[in-house]
Amino acid sequence: MNVHLPLPPGAQFILQRLCSLGHAAYVVGGCVRDCLLGRAPQDFDICTSALPEEMQAAFADCHVIETGLRHGTLTVMHDHIPYEVTTFRVDGEYTDHRHPDQVTFVRDVTADLARRDFTVNAMAYHPDTGVVDAFGGQEDLRLGVIRCVGEAEKRFEEDALRILRALRFASVYGFAIEEKTAAAAHALRHTLKDVAAERIRAEVTKLLCGSGASKILRAFRDVIFEVLPDLAPMADFPQHNPHHLHDVWEHTLLSIDAVPPVEALRWAMLLHDSGKPAAFFRDDAGVGHFYGHEKISSDIALKVMQAMKMDNATLERVTALVKHHDIPLDTTRKILLRRLNQFGAEMLHQLIDVQCADRIATGTRAPGQPEEEAALLHQALNDLLAQAPCYTLKTLAVDGRTLMAQGFPKGKIIGETLQYLLEKVIDGEAENTAESLLPLAMTRLAKEESSK
């Protein structure tokens, strides 16, 4: 296929510099894949016949970072943008199932492409020669297929993380996983135990945020349970409840599809009902109930997030969304102000999305009804926020210094009184003005002193 791919100035400069010195050079891998799909690549990697010392000489006048010269890689900075440049190579054995024990530099780009994971990632491009595609990557892009280069078992045995990468690419691009590649992923899922938690988290997060997340999680749940074993009890767990048409795992998958592809939201939906199997019981009529599952699910979420070495901000947000995913919400000013005080605006908007997805995934709500309810909640919240209401101590018209100026003694009574005044404002029983709040404060102080 004769195609022209748009290259950034830095990539063009590096290709021209190397070729002017008699070396072969191409952009390679994911950037070629994404350009062919009409997507904007996140970065551009380059492969070349130049040996490491030849690359160093070629870019002696540039800012260069020696990223991994032993494996033939250095990074060339151009306009503050990094470009990884790697010598054509073939890999030796992968005894640690992650890195090759040694690499051998070669002069043939096809040999270099043969070591890569999937056909859609095993393509190279130069403006003068077009796409180098020795393994059918363009055809697999057209068919929407993720297929290993060569033998799938060998590719996954070399690097177990490639199993999750296959699932991730399929989810992100909405592709299918080729039959032999899928069979190898199932068969070798146990090798994922040797992969670092941070790398697993990164791949699962991208998988969750893909357009095909539920399809892949459904088809490869054994692989997911290998890296997230706390989720396995949800599989095929019937709810025995008239408000749910699906088992816990299927409900979870449908709920993931129903929230925006935001990391915290997708993880929250994956985990929001993880405590249901532990909380389950059936009443005398045979109806299933899950009292307290929110807390159990939150505890499981915390365990999973910590095991995945999730950053603290995301961990806290996910566990909070899981813990409060069933909290009552409505459009009344009082309830919205109380929830704003409890969660803040961003998380409250996310809770609305979580509850909407949860209701959609029951399979029992009228089509469009949860979305309409969520839209009304979002609008009511935005209308309220536009009024700049008081819902935190920070925006209360009086503070500790004000109370002390009125004769309040130092101590916890100041904090307690401020909280009392804030609740009065939130409940609509007082205006957020000093004139309205100070008499209430003084009355409360008098009662406190008289009760001593």
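The values are calculated or read from the model by the stated rules, or taken from the named source; none is laboratory data. Because the structure is predicted, anything quoted here is derived from the model rather than measured. Cβ atoms come from the backbone with ideal geometry, glycine included; neighbour counts cover every protein chain shown. For accessibility, only protein heavy atoms count, side chains too; no ligands or nucleic acids. Shrake-Rupley method; radii C 1.70, N 1.55, O 1.52, S 1.80 Å.
Name the residue that is nearest to ILE352 (Cα to Cα), counting only residues in the range 292-325 that are assigned to a loop (DSSP other than H, G, I, E, B) and open to solvent by less than 50 Å² (accessible area, probe 1.4 Å).
First, pick out the residues of the range 292-325 that are assigned to a loop (DSSP other than H, G, I, E, B): 292, 308-311, 324-325.
Next cut, open to solvent by less than 50 Å² (accessible area, probe 1.4 Å) only: 292, 308, 310, 324-325.
Numbers: GLY292: 20, MET308: 26, MET310: 23, HIS324: 11, HIS325: 9 Å.
Here the residue is HIS325.
Which fully enclosed helices (runs of 4 or more DSSP H) of the range 1-83 have 1 or more residues being of a type in the set (Phe, Trp, Tyr) and open to solvent by 20 Å² or more (accessible area, probe 1.4 Å)? Spell out how you get there, then give the answer.
On the way: elements: 9-20, 30-36, 52-58.
The helices (runs of 4 or more DSSP H) meeting that bar are 9-20.
Return yes or no: is THR417 under 19 Å from LEU337 (Cα atoms) and either exposed (fewer than 12 other Cβ atoms within 10 Å of the Cβ) or at pLDDT 95 or above (or both)? It would help to see each step written out before you state the result.
Values: under 19 Å from LEU337 (Cα atoms): yes; either exposed (fewer than 12 other Cβ atoms within 10 Å of the Cβ) or at pLDDT 95 or above (or both): yes.
So THR417 fits the description; yes.
For the range 379-414, how many residues are open to solvent by 40 Å² or more (accessible area, probe 1.4 Å), of a type outside the set (Ser, Thr, Tyr) and either within 25 Å of LEU348 (Cα to Cα) or in contact (Cβ under 8 Å) with a residue 60 or more places away in the chain (or both)?
Looking only at that region, the number is 10.
Looking only at the range 380-411, which residues are over 30 Å from ASP330 (Cβ atoms) and acidic (Asp, Glu)? Let's see the steps before the verdict.
Kept after step one, since they are over 30 Å from ASP330 (Cβ atoms), are these residues of the range 380-411: 399-411.
ASP399, the sole residue that qualifies.
If you check ALA268 against the conditions, is it under 13 Å from VAL318 (Cβ atoms), open to solvent by 10 Å² or more (accessible area, probe 1.4 Å), outside any loop (DSSP other than H, G, I, E, B) and touching a residue at least 60 places away in the same chain (Cβ under 8 Å)? Steps first, please.
Values: under 13 Å from VAL318 (Cβ atoms): yes; open to solvent by 10 Å² or more (accessible area, probe 1.4 Å): no; outside any loop (DSSP other than H, G, I, E, B): yes; touching a residue at least 60 places away in the same chain (Cβ under 8 Å): yes.
Spelling it out, it is not the case that ALA268 is under 13 Å from VAL318 (Cβ atoms), open to solvent by 10 Å² or more (accessible area, probe 1.4 Å), outside any loop (DSSP other than H, G, I, E, B) and touching a residue at least 60 places away in the same chain (Cβ under 8 Å).
Just give me the residues in the range 420-443 being surrounded by 12 or more Cβ atoms within 10 Å (Cβ to Cβ) and either on the phi > 0 side of the Ramachandran plot or in contact with a Ser or Thr (Cβ under 6 Å, 6 or more places away or on another chain) (or both), in sequence order.
Of everything in the range 420-443, those that are surrounded by 12 or more Cβ atoms within 10 Å (Cβ to Cβ) and either on the phi > 0 side of the Ramachandran plot or in contact with a Ser or Thr (Cβ under 6 Å, 6 or more places away or on another chain) (or both) turn out to be ALA430, ALA441.
List the number of the failed condition for ALA202; all other conditions in (1) buried (at least 23 other Cβ atoms within 10 Å of the Cβ); (2) without any contact (Cβ under 8 Å) to a residue 40 or more places away in the chain; (3) under 19 Å from the mean Cα position of the chain (by Cα) hold.
So the condition that ALA202 fails would be (1).
Considering only the range 245-256, I want to know if a residue exists there that is open to solvent by 40 Å² or more (accessible area, probe 1.4 Å), within 30 Å of PHE156 (Cβ to Cβ), in a loop (DSSP other than H, G, I, E, B) and out of contact with any strand residue (DSSP E or B) (no Cβ under 9 Å at 6 or more places or on another chain).
yes
Working only within the range 143-159, note down all residues that are over 22 Å from ARG199 (Cα atoms) and either under 27 Å from the mean Cα position of the chain (by Cα) or of a type in the set (Asp, Glu) (or both).
Selection gives LEU143, GLY144, VAL145, GLU151.
Please determine whether any residue of the range 146-158 is aromatic (Phe, Trp, Tyr), in contact with a helix residue (DSSP H, G or I) (Cβ under 7 Å, 6 or more places away or on another chain), farther than 16 Å from GLY29 by Cα and open to solvent by less than 10 Å² (accessible area, probe 1.4 Å). It would help to see each step written out before you state the result.
Quick first cut of the range 146-158, residues aromatic (Phe, Trp, Tyr) only: 156.
Next cut, in contact with a helix residue (DSSP H, G or I) (Cβ under 7 Å, 6 or more places away or on another chain) only: 156.
Cutting the leftovers down to farther than 16 Å from GLY29 by Cα gives us 156.
With open to solvent by less than 10 Å² (accessible area, probe 1.4 Å) added as a condition, the list becomes 156.
Looking for residues that are aromatic (Phe, Trp, Tyr), in contact with a helix residue (DSSP H, G or I) (Cβ under 7 Å, 6 or more places away or on another chain), farther than 16 Å from GLY29 by Cα and open to solvent by less than 10 Å² (accessible area, probe 1.4 Å), one finds at least one in the range 146-158, hence yes.
Which residue is nearest to PHE118 (Cα to Cα), if the candidates are limited to the range 162-172 and must be among the hydrophobic types (A, V, I, L, M, F, W, C) and surrounded by 22 or more Cβ atoms within 10 Å (Cβ to Cβ)? It would help to see each step written out before you state the result.
Narrowing the range 162-172 to residues among the hydrophobic types (A, V, I, L, M, F, W, C): 163-164, 166-167, 169-170, 172.
After this cut, where a residue has to be surrounded by 22 or more Cβ atoms within 10 Å (Cβ to Cβ) as well, the list is 163-164, 166-167, 169-170.
Details: ILE163: 11, LEU164: 12, ALA166: 8, LEU167: 12, PHE169: 10, ALA170: 11 Å.
Among them, the one singled out is ALA166.
With the requirement that a residue be part of a helix (DSSP H, G or I) and either open to solvent by less than 50 Å² (accessible area, probe 1.4 Å) or touching a Phe, Trp or Tyr at 6+ places or on another chain (Cβ under 7 Å) (or both), what does the range 222-244 give you?
First pass over the range 222-244, keeping only residues part of a helix (DSSP H, G or I): 222-227, 229-234.
The answer is ASP222, VAL223, ILE224, PHE225, VAL227, ASP230, LEU231, ALA232, MET234.
Could you please find all residues in the range 91-110 being at pLDDT 85 or above, open to solvent by 50 Å² or more (accessible area, probe 1.4 Å) and either in contact with a Ser or Thr (Cβ under 7 Å, 6 or more places away or on another chain) or part of a loop (DSSP other than H, G, I, E, B) (or both)?
Hits for the range 91-110 are PHE105, ARG107, ASP108.
Within the range 125-141, does at least one residue satisfy the condition of being buried (at least 21 other Cβ atoms within 10 Å of the Cβ), among the hydrophobic types (A, V, I, L, M, F, W, C) and out of contact with any helix residue (DSSP H, G or I) (no Cβ under 6 Å at 6 or more places or on another chain)?
No, because not a single residue in the range 125-141 is buried (at least 21 other Cβ atoms within 10 Å of the Cβ), among the hydrophobic types (A, V, I, L, M, F, W, C) and out of contact with any helix residue (DSSP H, G or I) (no Cβ under 6 Å at 6 or more places or on another chain).
Exactly one condition in (1) open to solvent by 40 Å² or more (accessible area, probe 1.4 Å); (2) within 16 Å of GLU294 (Cβ to Cβ) is false for ASN341; which is it?
Unmet condition: (2).
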